[in-house]
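Structure first, then comments.
The values are calculated or read from the model by the stated rules, or taken from the named source; none is laboratory data. Because the structure is a prediction, the values reported are computed rather than measured. We place every Cβ from the backbone using ideal geometry, glycine too, and count neighbours over all the protein chains shown. To get the accessible areas, we keep the full protein, side chains included, count just its heavy atoms, and leave off ligands, DNA and RNA. Shrake-Rupley method; radii C 1.70, N 1.55, O 1.52, S 1.80 Å.
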Amino acid sequence: MLEYWSDFLGCRNITMDKLKDDLDDHKNTGESKKNSEKQAVTACLLSAAFFGALGSSFIYGYNLSVVNAPTLYIKDFYNKTWIERYGEPISAETVTILWSVTVSIFAIGGLLGAQAVTLILRVLGRKGTLLFNNIFAVIAALLLALGEKAKSFEMLIIGRFIIGVDSGIALSVLPMYLGEITPRHIRGSIGQFNSILICLGVFTGQVLGLPELLGQESRWNYLFAFLALPAMLQLCVLPFLPESPRYLLMERRDEAGAERAFQRFLGKKDVSQELEEVHAEARAQDNLQTASVLQLLKNPAVRWQLITIITTMACYQLCGLNAIWYYTNGILQEAGFAKDILPYITLSTGAIETLAAIISGLVIERIGRKPLLIFGFSAMAGFFSLLTVFLNFQDSVSWMPYLSYICILAVIASFCSGPGGIPFILTGELFEQSYRPAAFMIAGTVNWLSNFAVGLLFPFIQEKLQSFAFLVFVVVCALGSLYLYFILPETKNKTFMDISRSFAKINKIPVPSPSQEMELVLSFKSNESGKVQDAAKMESSY
């Protein structure tokens, strides 16, 4: 074994004790690195996180809520357009179908966007894809805003489809970009910008939809024109921020560009340790080329990572949050609130969402991903159970609707404390560079299919089970919590290689031996001239 290491280093005077000392030195270096990493977050990193999310996840959240306020006005527009075209009022069945298509086609567009993301990433990279995606947002804003002027409800439907494509791409690319540009000790906090801006988008849609603002018959088209604003802001700022250094180094082989990107994001000149970490990850991978979805599905080394992401993302949509909105207005009316003040009271749901997401982002690096996910799903199961009880006694006890509404707020807060954002962070953390785009494509597909399934099936479930419909979500949340408790390792403050090793046992993949780890450490010490010589030898052998 000693002879092997001597050959590896190109010298004969290296002893095993020296090798152990090198390993100890590397461990000490790792500890000092961990301490040195606790530095201030740079303006460059914060700008990338905020403006990246503003033109991506904010738009997605805004589109979840913006269609609620102008529903009656849009249906009236459909009727007027139908009369002008065909000389008779539109039937109730037809307007219901048109409105259902307008709302649900958003998820179909999202599914298509998630399917296309791997191809776009390969051509444009992380930052380039985010910038390119703004084209969809601007086109959709124009179609949705001008549909009434053009007397074309088809423009609204197409606009909703295109903004769905935008959201499908954004929810895959943004978490990937944030995970790759952020130091591991704050990767969760920066990753939560995705969730925070989704919630802020929902809240903004609720506020702008108030009657005093844009929720009027003469102004509802401006609600959709607003979509262009965050897209344009991102287009003005993001071009001046760096590309993902991991993408530059591992996929573009641009070490100089990766070094400059690390320097700007981290705010320091010496980024050799960060570059070494990426080099180590590159050496540990079997293939540096971007893997296809089929290759990801076939690889046993990432099998349980894939199962975990599919399970977590399915629970993200199937946990019942979308169904909550079905009951909110009815519960408030039962509590005695006047119908004209309901929009102002429901603002509390958006405010609670945003506040819970911000708190989650502040504590995620202290508590960890796994505890927050388990707590979120478990709390949702508990509050859904209580809500079922309260709904069944709502007609017999006058103050029961207030408890029901408190349960709704608690469910929303529980969701945003962990399940509302961490699944996107985990998708980026559980996979190494070459598998990450395919993993996000699968996660996005599961996300949008589950979203579509809830919208399609919940009305039938609610019709059959009435208030007991929430017990279905109790089961989903409980099973999700159990799976995460037994399977998911904690990922906070770990490198992508460390996280992959955490799954080695369950995937039945051999864990690297001490000698292999020593080889990795010593490879850090190999100088650039040695690398060039090795490359030259390889070229001459071909």
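Counting only residues that are open to solvent by 40 Å² or more (accessible area, probe 1.4 Å), give me the helices (runs of 4 or more DSSP H) lying completely in the stretch 53-158 with at least 3 of them.
Per the criteria, 71-86, 92-146.
Do you know which of the residues in the stretch 406-431 that are open to solvent by 30 Å² or more (accessible area, probe 1.4 Å) and in contact (Cβ under 8 Å) with a residue 60 or more places away in the chain is farthest from the chain's Cα centre (by Cα)?
Ranking the qualifying residues of the stretch 406-431, first place goes to 409.
Among 471, 465, which is open to solvent by 10 Å² or more (accessible area, probe 1.4 Å), farther than 16 Å from residue 310 by Cα and at pLDDT below 90?
On inspection, the qualifying residue turns out to be 465.
Please indicate, with yes or no, whether at least one residue in the stretch 302-310 is in contact with a Ser or Thr (Cβ under 9 Å, 6 or more places away or on another chain), in a loop (DSSP other than H, G, I, E, B) and not polar (S, T, N, Q).
no
Looking only at residues in the stretch 261-288 that are open to solvent by 60 Å² or more (accessible area, probe 1.4 Å) and in a helix (DSSP H, G or I), which one is farthest from residue 431 (Cα to Cα)?
264
How many residues does the stretch 226-260 contain that are outside any helix (DSSP H, G or I) and closer than 30 Å to residue 214 by Cβ?
The qualifying residues number 2.
When you look at residue 162, is it of a type in the set (A, V, I, L, M, F, W, C), touching a residue at least 12 places away in the same chain (Cβ under 8 Å), at negative phi and open to solvent by 10 Å² or more (accessible area, probe 1.4 Å), yes or no?
yes
Could you pull out the residue among 297, 227 that is more than 23 Å from residue 131 (Cα to Cα) and among the hydrophobic types (A, V, I, L, M, F, W, C)?
297 is the lone residue from the list that is more than 23 Å from residue 131 (Cα to Cα) and among the hydrophobic types (A, V, I, L, M, F, W, C).
Within the stretch 432-446, count every residue that is among the polar types (S, T, N, Q) and either part of a loop (DSSP other than H, G, I, E, B) or open to solvent by 10 Å² or more (accessible area, probe 1.4 Å) (or both).
Matching residues across the stretch 432-446 total 1.
Restricting attention to the stretch 474-487, does a residue exist that is hydrophobic (A, V, I, L, M, F, W, C), crowded, with 19+ Cβ neighbours inside 10 Å and more than 16 Å from residue 310 (Cβ to Cβ)?
Looking for residues that are hydrophobic (A, V, I, L, M, F, W, C), crowded, with 19+ Cβ neighbours inside 10 Å and more than 16 Å from residue 310 (Cβ to Cβ), one finds at least one in the stretch 474-487, hence yes.
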